[in-house]
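Before any comments, here is the structure.
The values are calculated or read from the model by the stated rules, or taken from the named source; none is laboratory data. Being a predicted model, the structure only gives us computed values, none of them experimental. Virtual Cβ from ideal backbone geometry, glycine too; neighbours counted across all protein chains shown.
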């Protein structure tokens, strides 16, 4: 039977680079054409086309290789689910240079500990992001999406609406915006 190593690499944001993970996978014996990637997708989402392709590419006796467990999954249930599905298909899972053996109690415990740390790290990142956004919002630096109309345009839209001569559709056409934008602008001006 021909045993193949299939690699998977992932980074969460478009600004990150996958080259270090790809190089690590190549150093672990995965050929370049057998590395599947997801760029700009979080590990907490299972909607990852590169992972789906990697899982579809592995066959019985093959090994799925990831440089670190947190590249594969960011939650314990997700990591367990992937590992269990691979085991059911008789596919090995390699975390870096270590091959995970689901039949070994120590290996199983180690895998669960790594998955717990990956989930913990993801939770910390989310918490820090929320804290940072709250702080920025409190300082007035995070204002959300800016209105499509300038302040002067908003006042004019409000004035025109107040005359009763213009419908919402008319205002949307005059200002080249959608009807919901007109409603939001009027709501912002507290005019209904």
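Some values worked out for this structure:
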{"quantity": "Positions within segment 105-136 being over 23 Å from the mean Cα position of the chain (by Cα) and either under 20 Å from residue 5 (Cβ atoms) or surrounded by 12 or more Cβ atoms within 10 Å (Cβ to Cβ) (or both), in sequence order", "calculated": "107, 108, 110"}
{"quantity": "Given (1) touching a residue at least 40 places away in the same chain (Cβ under 8 Å); (2) crowded, with 18+ Cβ neighbours inside 10 Å; (3) in a helix (DSSP H, G or I), index of the condition residue 74 fails", "calculated": "(3)"}
{"quantity": "Tally, over segment 85-110, of residues that are over 18 Å from residue 54 (Cβ atoms) and touching a strand residue (DSSP E or B) at 6+ places or on another chain (Cβ under 7 Å)", "calculated": "1"}
{"quantity": "Qualifying positions in segment 40-60 - farther than 17 Å from residue 95 by Cβ and at pLDDT 85 or above", "calculated": "48, 49, 50, 52, 53, 56, 57, 59, 60"}
{"quantity": "Qualifying residue in segment 126-142 (condition: without any contact (Cβ under 8 Å) to a residue 24 or more places away in the chain and within 30 Å of residue 94 (Cβ to Cβ))", "calculated": "yes"}
{"quantity": "Criterion violated by residue 146 - all others in (1) within 27 Å of the chain's Cα centre (by Cα); (2) not assigned by TED's automatic domain parsing to the domain that holds residue 74; (3) not in a loop (DSSP other than H, G, I, E, B) satisfied", "calculated": "(3)"}
